[in-house]
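These notes concern the structure reproduced below.
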Amino acid sequence: MFSDSICVGELLGEKIQVKHADEEGFNQTYTRMCVEEFRSTHELQQKMANCGQWVYVGESPFNDQLGKPYIWSQHGEWKIALVGESSSRYSCCQLPLCFQSGEPEPRPWKRHRTQGEASVVVQPLDAPRPPLRTLEPVPDLDAGALQQLYEKGYVVVKADRGMSDVINDAVRLSNILIYRLADTALGAAGNSANWDMPLLRSEEGTTNILVRLDKAPALLKLLARVAPLAEQLFQEPAEVPKVCQLAIVAPEGDTTDTTWKDMVDKNARYHIDGRGKLPNGFGLLMGIALSEKPDGAASWGAFACHPGSHRNSALQKQYKSQLKGKISAMDLGHATPVVLRPGDILIAHPLLAHRRTQNWSAYPRMQVYFRLRPRSAAMGNGSWQANVLEDPFSIWPGLRHGVASSSHQPEAGESPPAVVPAGQPAGARGS
Ligand SMILES: O=C(O)CCC(=O)C(=O)O
């Protein structure tokens, strides 16, 4: 048990440290990890419901029998648990998550397995975090500004370069708050068919919203503009889907996090649309960017893909098993983020393995996705996509035609890929 104090390192940094626990297994360094990544790499007994963005994971197992210790938060309450155990060992309502210097106050931790409390101290692992950078103040009002204030009663002080950093932090915080509020509202509304909105469904908060096209003329207009590209590939008009997907990637992290600019993308799990069902029922993924890549952002929530994976038949054959966790996922290396400017159109094969990157910027990434299929497919029995796993270009006669009339025509053997299911086309999301 923890005797009197546990010194946890700087909670908002990459690493924290636990010291002075009676059980030696807890006394080690813990590294910050996204909850999603933690879940996908450890066999957890705990559901970790309503948890925050982060978990801190110990470097070594607790002992020979028990797994790694980890520190996580649920509804703002911090807990210490062990991989393999179904309930946490300790909890603490308050941690001084953000402090500039000096020793934080000891906090009582509740013991779950034995009665009593343990006193906990949170402090930086290495050097204490320096106080907030001293910002240069804006210059004094000059004589002209003072004169205007005198005459007109108002004046505008133009933003200088020193403002951009602080504004960026403030914009990011505002966006995190807005999108958390929106997620909460969407969760409370459930299926929002009764709202006075074109929104059909949002199973994942603002992350993926299905928007009814018949009630969203702006998006229908957008589709009308881009649909000829699908027609070129299908060599027939595309069916107008019932919905499209509005995919928003709000800024990652916490409102108290000051280290976000240093963060890099840690998502790693690619998917092929269709939730394991291949072929997956649509013939073309079209994504149109609504937002700009923020200046200097290394990871802004971009669509990222594994080029050529649409022709990887080995991947497609094993995909369902790896999705169910029966076998380990095929290593496809690093995904390529696709940089789009507002209005740019991404066209992707339905079998392309892809994912979204984390958004370590101040602004939400917004993209509209249409999942399209040939109009005749709606009438038929799925035969239009019957050969797509053997011949990924069988669904795109227009590509064959176009390539043939230039120099090189892809052969079926050149393209071992796969595709999607019949049935629900647009909106058939994968993972
Ligand atoms: O948001 C994105 O760019 C990707 C979304 C995605 O992977 C999907 O909907 O299947």
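None of the figures in this text is laboratory data; all of them are computed from the coordinates on show. Values in this document were obtained by computation on a predicted structure and should not be read as measured data. Cβ coordinates were reconstructed from backbone atoms using ideal geometry, including for glycine residues, and neighbour counts include every protein chain displayed.
If you filter the range 21-54 for GluC sites (Glu not before Pro), then keep DSSP loop positions with at most 12 other Cβ within 10 Å, what is left? Write down the numbers at each step before the final one.
Numbers: sites: E23, E24, E36, E37, E43; in loops: E23, E43.
Passing both the DSSP loop test and the Cβ count: E43.
When the listed pairs K293/K324; K158/K293; K158/K266; K47/K293; K261/K320 are checked against a 29 Å cut-off, the alpha-carbon distance exceeds it for K293/K324; K158/K266; K47/K293; K261/K320.
Hand me the trypsin sites (Lys or Arg not before Pro) from the range 278-375 located in a DSSP loop with no more than 15 other Cβ atoms within 10 Å, in residue order please. Don't skip to the end; give the middle numbers.
Values: sites: R311, K317, K320, K324, K326, R355, R356, R365, R371, R375; in loops: K324, K326.
Filter output for the range 278-375: K324, K326.
Taking the beta-carbon count within 10 Å as an exposure proxy, list K47, K19, K79 from fewest neighbours to most.
Details: K47 10, K19 15, K79 22.
Arranged by neighbour count, lowest to highest, K47, K19, K79 become K47, K19, K79.
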